[in-house]
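Remarks on the structure that follows.
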Amino acid sequence: MSPASPSANPHVAAMSAYVPGEQPQGGGWVKLNTNENPYPPSLRALEAIRLALVNEGAALRLYPSPDSSPLREAAARFHDFDAARVVAGNGSDDILNLLIRAYAGPGRPVGMLDPSYSLYPVLAAAQGAEVIRVPIADDFTIDPAAIARCGASVFFLTNPNAPLGVSFTPAVVRKVAEVFPGLLVVDEAYASFAEGDCVALARELPNVVVTRTMSKAHALAGLRAGYALCPAAVAALLHRVRDSYNLDRLAQVAAAAALDDREWLNITVGQIRSTRDRLIAGLRQLGWMVNPAAGNFVLAAPVSTSRAASPETAAHCFEFLKARKILVRRFPNHRLTEKSLRISVGTEQETDVFLAAVAVWMEG
Ligand code: PMP
């Protein structure tokens, strides 16, 4: 007789895993579903990896810097921030997890905007923490007083918002920080594509953390690197709960080199913003309802002469595109997203292919 399957922690047994965007196998896809960067990373990042591998990879025998010094120092240079208050993570998802480990748990809820990033509830569930959702209004505004009284120990304010694409001004975020009694985390995964950011708030205020990723503007999603800009006391706590070597040697040096290459960042981000504007204009011309877009993606509700905006229309358009190997993303579970598709900003050519396919769908 084989032994019975051992019982897990009840809160873990009851939770569901995060559902990542599809990563299709095989070539030929126009992949506009996971907000990856369509351009390659900085050549300096590749050079840093090559350098770290000299002498037949001898350095790989040795553990990396435990606190990711090369990346922390580059992030400090990039943001004019104190390196002692930068904590590096294996992707910003790692940072989000550390924040929840340190600040949430049973009786200490996690707060988030609704809609926003669907990983937060998964990380909260893993720590046995309740989730409190504060709605974004139909006009895409947020209510600082509602966040202030929501009862969360830590609140995630995704800015620019994903999946809506809209951003909140630093003045509004400051208002939230001034009234919210817990730790306010501004998830700035997409901030490089927007007009402003909240780094100054993390510099000044004792209850604001800004999280950043190397996956989007820096085109290093495959490497897994991100970081948090924190008050000193928060940084100290995150260091206690992180894995002892949470970033590998190659990720540390490549991410640092990418941060130091501002020129490549400016060129590629400039191109993505300009393609984003063209994508928005193209869709609006076809009559689609398009949200203001501050990130490297656009949320837009498909319509055609024969179909009004609806969840069914969005599903129909999604399947039509998928059959032509164009992959976008749907968010059918929220009233502000159910009629829409989220389209990552690709290259100029990918955008042409997408817009041409949409024009064909419009005729159907
Ligand atoms: N925050 C938001 C809002 C995101 O959309 C993502 C990417 N899915 C992340 C954080 C995580 O990015 P990464 O772990 O790749 O740094």
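Values for this structure:
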{"item": "Criterion violated by Asn207 - all others in (1) closer than 21 Å to Leu336 by Cα; (2) more than 16 Å from the ligand (Cβ to nearest atom) satisfied", "result": "(1)"}
{"item": "Residue in the range 287-300 that is touching a Phe, Trp or Tyr at 6+ places or on another chain (Cβ under 6 Å), more than 15 Å from the ligand (Cβ to nearest atom), outside the structural domain of Val176 (by TED's automatic domain parsing) and of a type in the set (A, V, I, L, M, F, W, C) present", "result": "yes"}
{"item": "Considering residues of the range 210-219 that are in contact with a helix residue (DSSP H, G or I) (Cβ under 6 Å, 6 or more places away or on another chain) and of a type outside the set (Gly, Ala, Ser) only, the residue nearest to the ligand (Cβ to nearest atom)", "result": "Thr213"}
{"item": "Hey, Ala257 away from the ligand (no atom under 16 Å from the Cβ) and either in contact (Cβ under 8 Å) with a residue 60 or more places away in the chain or in a loop (DSSP other than H, G, I, E, B) (or both) or not", "result": "yes"}
{"item": "Tabulated pairs, the range 219-231, first more than 20 Å from Arg249 (Cβ to Cβ), second within 9 Å of the ligand (Cβ to nearest atom), C-beta under 6 angstrom, 6+ apart or interchain", "result": "Ala228/Ile95; Ala228/Thr211"}
{"item": "Sole exception among (1) in contact with a Phe, Trp or Tyr (Cβ under 8 Å, 6 or more places away or on another chain); (2) of a type outside the set (Asp, Glu); (3) outside the structural domain of Val345 (by TED's automatic domain parsing) for Ser7, by number", "result": "(1)"}
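A quick yes/no check of all residues on (1) modelled with pLDDT of 95 or more; (2) surrounded by fewer than 21 Cβ atoms within 10 Å (Cβ to Cβ); (3) touching a strand residue (DSSP E or B) at 6+ places or on another chain (Cβ under 9 Å):
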| site | (1), (2), (3) |
| --- | --- |
| Arg77 | yes, yes, no |
| Phe81 | yes, yes, yes |
| Ala88 | yes, no, yes |
| Ile100 | yes, no, yes |
| Tyr103 | yes, no, yes |
| Gln127 | yes, yes, yes |
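Conditions (1) under 21 Å from Leu51 (Cα atoms); (2) surrounded by fewer than 19 Cβ atoms within 10 Å (Cβ to Cβ); (3) at pLDDT 95 or above, marked per residue:
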{"site": "Cys230", "(1), (2), (3)": "no, no, yes"}
{"site": "Ala233", "(1), (2), (3)": "no, yes, yes"}
{"site": "Ala236", "(1), (2), (3)": "no, yes, yes"}
{"site": "Ala255", "(1), (2), (3)": "yes, no, yes"}
{"site": "Arg278", "(1), (2), (3)": "no, yes, yes"}
{"site": "Arg284", "(1), (2), (3)": "no, yes, yes"}
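The values are calculated or read from the model by the stated rules, or taken from the named source; none is laboratory data. Computed from a predicted structure; not experimentally measured. We place every Cβ from the backbone using ideal geometry, glycine too, and count neighbours over all the protein chains shown.
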